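Since the structure comes first, as structure tokens, the remarks are kept for the end.
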Amino acid sequence: MTVTEFDLHIGAHKTATTYIQNILRMSKFRPGTLYIPMQEFRSGLGREIGRKKISKLPDYIFKNNHVVISEENLSGAALGGLNLYPRAHNNLKIFRNFSGRVHVCIRRYSEFFPSCWIEGNLRKVSTSSFEVNFPQRTWNDYLGEIAAALPNFKIRVWDYEDFRGNESFYIKMIANQSIAEMGQIKTNTARASLSHAAFVALKACTEFLDPKERAILTRRLAKKFPAGEIYPKFSPYSKDEISFMDDRYREDVMDIDSSYGIIRPSTRIA
């Protein structure tokens with residue numbers, strides 16, 4: 001009987017997940033490893049898991065020694081990132097009796113919250129106001145719940161700030177070194193960050209647009225008012241609030257490193 005191990009990359013949102021999934025989709029894996037492309041998983045098995053339509057994984061999964069899944073929505077919706085995914089552990093219960101590794105990239109609160117808020121609101125008909133108060137939940141809470149939901153899984157955590165320039169290292173880690181030939185992306189697939197000017201213009205129009213029109217306008221505004229030196233990136237926080245959040249993030253990273261270990265590019269992975 002085949003014993004199947006899982007590598008679950010569950011985000012977080014806004015931490016280069018689309019880039020990682022494109023590389024994985026174009027990669028060739030060693031025999032015995034099944035990689036389920038994100039779109040295939042999201043429209044099929046992932047949707048059934050999210051809607052609680054199934055209580056066990058389908059049989060075809062277990063015809064493989066190793067299964068790799070990269071889907072940030074297993075943690076919850078992007079807008080839910082503001083609450084640090086309070087229902088992530090419920091989505092992961094279906095994997096509870098199995099073993100493997102769960103991969104999570106964390107990001108500074110001062111960047112993560114506004115990025116998730118923009119992403120989430122762009123996918124909805126109307127926008128909500130941004131709550132600038134520091135949320136009560138932290139990365140520590142989220143990771144603790146995941147560890148409890150998946151007792152037979154190792155938790156692998158890395159910092160988003162380490163990703164750029166070390167993409168290959170982290171993607172190979174997510175696949176547990178099962179990639180035979182790494183995929184290549186010829187063009188830049190990163191989505192441009194909204195500048196504050198683009199966000200203000202978008203918010204003024206969004207209630208009059210359907211989702212498709214809003215997506216088109218978003219791309220045009222991001223191109224016309226790109227986040228950079230001329231147009232600052234959108235942030236709802238004051239300098240003092242950013243400083244407070246960044247200090248808290250550094251403290252939390254120390255706690256996470258003590259509990260799970262932060263995977264750095266120099267880390268020797270067992």
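A count restricted to the range 69-104 and to residues that are modelled with pLDDT of 95 or more and among the aromatic types (Phe, Trp, Tyr) stands at 2. For Gln21, work out the one condition from (1) at pLDDT below 95; (2) in a helix (DSSP H, G or I) it doesn't fulfil. Going through the list (1) at pLDDT below 95; (2) in a helix (DSSP H, G or I), Gln21 breaks only (1). Scanning the range 33-53 for residues that are assigned to a loop (DSSP other than H, G, I, E, B) and either modelled with pLDDT under 90 or small (Gly, Ala, Ser) (or both) yields Gly44, Arg51, Lys52, Lys53.
Total residues in the range 150-168 satisfying the condition of being buried (at least 16 other Cβ atoms within 10 Å of the Cβ) and over 17 Å from Glu5 (Cβ atoms): the figure is 6.
Which numbered condition trips up Ser178, out of (1) at pLDDT 85 or above; (2) crowded, with 17+ Cβ neighbours inside 10 Å; (3) more than 30 Å from Arg30 (Cβ to Cβ)? Unmet for Ser178, out of (1) at pLDDT 85 or above; (2) crowded, with 17+ Cβ neighbours inside 10 Å; (3) more than 30 Å from Arg30 (Cβ to Cβ): (3). Note on the range 110-161: among residues that are assigned to a loop (DSSP other than H, G, I, E, B) and at pLDDT 95 or above, the one that is nearest to Leu209 (Cα to Cα) is Leu150.
In the range 236-259, which residues are part of a loop (DSSP other than H, G, I, E, B) and surrounded by fewer than 18 Cβ atoms within 10 Å (Cβ to Cβ)? Within the range 236-259, Pro236, Ser238 meet the criteria.
Here is the figure for the range 54-81: residues that are part of a loop (DSSP other than H, G, I, E, B), crowded, with 19+ Cβ neighbours inside 10 Å and either among the hydrophobic types (A, V, I, L, M, F, W, C) or on the phi > 0 side of the Ramachandran plot (or both) total 1.
One residue alone among Leu24, Leu84 is surrounded by 19 or more Cβ atoms within 10 Å (Cβ to Cβ), under 15 Å from Glu145 (Cα atoms), within 15 Å of the chain's Cα centre (by Cα) and in the same structural domain as Asn166 (by TED's automatic domain parsing), and that residue is Leu84.
The values are calculated or read from the model by the stated rules, or taken from the named source; none is laboratory data. Given the structure is predicted, the values throughout are model-derived calculations rather than measurements. All Cβ positions, even for glycine, are placed from backbone atoms using ideal geometry, and neighbour counts span all protein chains on display.
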